[in-house]
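Engineer: The following block contains the structure, expressed as structure tokens.
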Amino acid sequence: MSIKTFELISTTENGIELISYIALPENASDDNPVAGILVAPEWWGVVEHPKTITERLAKAGYAAVAMDVYGEGKLTSDAAMANMWMEQVLEDPDMLMARCRLILNDFSDQLAVDGDKLAAIGYCFGGKVVLDMAREGMPLKAVATFHGDLTAKQPADKNFKAKVLVTHGREDSMVTMDAIENLKKELDTAEVDYTIDVYDDAKHGFTNPNADERAAKNDIDLGYNETAAKQSWDNLLEFMKANLG
């Protein structure tokens, strides 16, 4: 399926430009709006990996947007810089969620996007972002995380309406299996419908083809696993089909 891509610029109330990246199926239009998926990137920002994800989603028939939560299109391959930016936005979680809501609103206002059929997927740091969006009660039908940070801005409650798919690597040294158990308890308490898939021999970052290179450059425990990446992508498309149509 042919697609079109463009930048979506959302301006915060204090004038910061969030430069997100949209991919749409060529046939999506105001007469033929399609379901929309927000993509929250890893801590590197809107680099090649999340852009590729949005393009793959568009080829699968969805409108998709890679969210620039840092603002000004900032991106890096340096872990220390990425960590600093991530910590800066996490210091003000209300601001971070306001940025996500702004991007969600601007994205769903696109005539080619069906604003009643929205979902979000997140990678690593982005996993926390999308779970927190659902915890805040944003209008998402489905949320998926890949090797995601599972810590909560506040625990899920009755406002959490999204179905959840959690994709995790058993060898992830950054997000432990204990964190998975804690998330299960949180979601059970809020009566959230969830599925957790754990992949053997998969480390943190296992969906990102650049993970090994980033690991070597930054001396951090990341790794790409092609088998887990492919299987989890197929599962994601099934999950989205079930929840967005």
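Engineer: Which of 85, 58, 69 sits farthest toward the positive end of the charge dipole of the chain, with +1 on the Cβ of Lys and Arg and -1 on the Cβ of Asp and Glu?
Structural biologist: 58
Engineer: Residue 184 versus residue 1, label points 7 Å from Cα toward the beta carbon: distance in nm?
Structural biologist: Inter-label distance under the simple model: 3.5 nm.
Engineer: Which distance in nm do the two modelled labels at residue 16 and residue 201 give, with both placed 7 Å along the Cα-to-Cβ direction?
Structural biologist: Placing both labels 7 Å along Cα→Cβ, they lie 4.2 nm apart.
Engineer: So for each of 156-166, 85-95 I average, over its residues, the number of other beta carbons within 10 Å; can you give me the resulting order with the highest mean first?
Structural biologist: 156-166, 85-95
Engineer: Let me ask another. So for 78, 31, 68, fewest C-beta neighbours within 10 Å to most, what's the order?
Structural biologist: Starting with the residue having the fewest Cβ neighbours, the order is 31, 78, 68.
Engineer: Which of 124, 100 comes first, and how do the rest follow, when ranked by fewest Cβ neighbours within 10 Å?
Structural biologist: In increasing order of surrounding Cβ atoms, one gets 100, 124.
Engineer: OK, next. Could you give the nm distance between label points at residue 231 and residue 56, where each point is 7 Å from its Cα heading toward the beta carbon?
Structural biologist: So the two model labels end up 1.5 nm from each other.
Engineer: Also, I was wondering about something else. Could you list the GluC sites (Glu not before Pro) in the stretch 4-67 that lie in coil according to DSSP, counting only those with at most 12 other Cβ atoms within 10 Å of their Cβ?
Structural biologist: Of the GluC sites (Glu not before Pro), the ones in loops of the stretch 4-67 whose Cβ has at most 12 other Cβ atoms within 10 Å are 13, 26.
Engineer: Also: Springs between alpha-carbon pairs under 10 angstrom, Gaussian network model over the chain: which of 169, 122, 137 fluctuates most?
Structural biologist: 137
Engineer: For 204, 49, 168, what's the fewest-to-most ordering of other Cβ within 10 Å of each Cβ?
Structural biologist: Fewest-to-most ranking of 204, 49, 168: 49, 204, 168.
Engineer: Which whole-number percent is the relative contact order of the stretch 49-195 (Cα, under 8 Å, 6+ apart)?
Structural biologist: Answer for the stretch 49-195 is 15 percent.
Engineer: While we're here: In a GNM of the chain with a 10 Å cut-off on Cα contacts, which of 54, 227, 207 has the highest mean-square fluctuation?
Structural biologist: Checking each option, the largest mean-square fluctuation is seen for 227.
Engineer: While we're here: For the chain, what's the relative contact order in percent, using C-alpha pairs closer than 8 Å and at least 6 residues apart?
Structural biologist: With pairs under 8 Å counted, the relative contact order is 15 percent.
A short reminder: the numbers here are calculations on the coordinates, not readings from a lab. These numbers were taken from a predicted model, which means no experiment stands behind them. Here the Cβ is made from the backbone with ideal geometry for all residues, glycine too, and neighbour counts use every protein chain on show.
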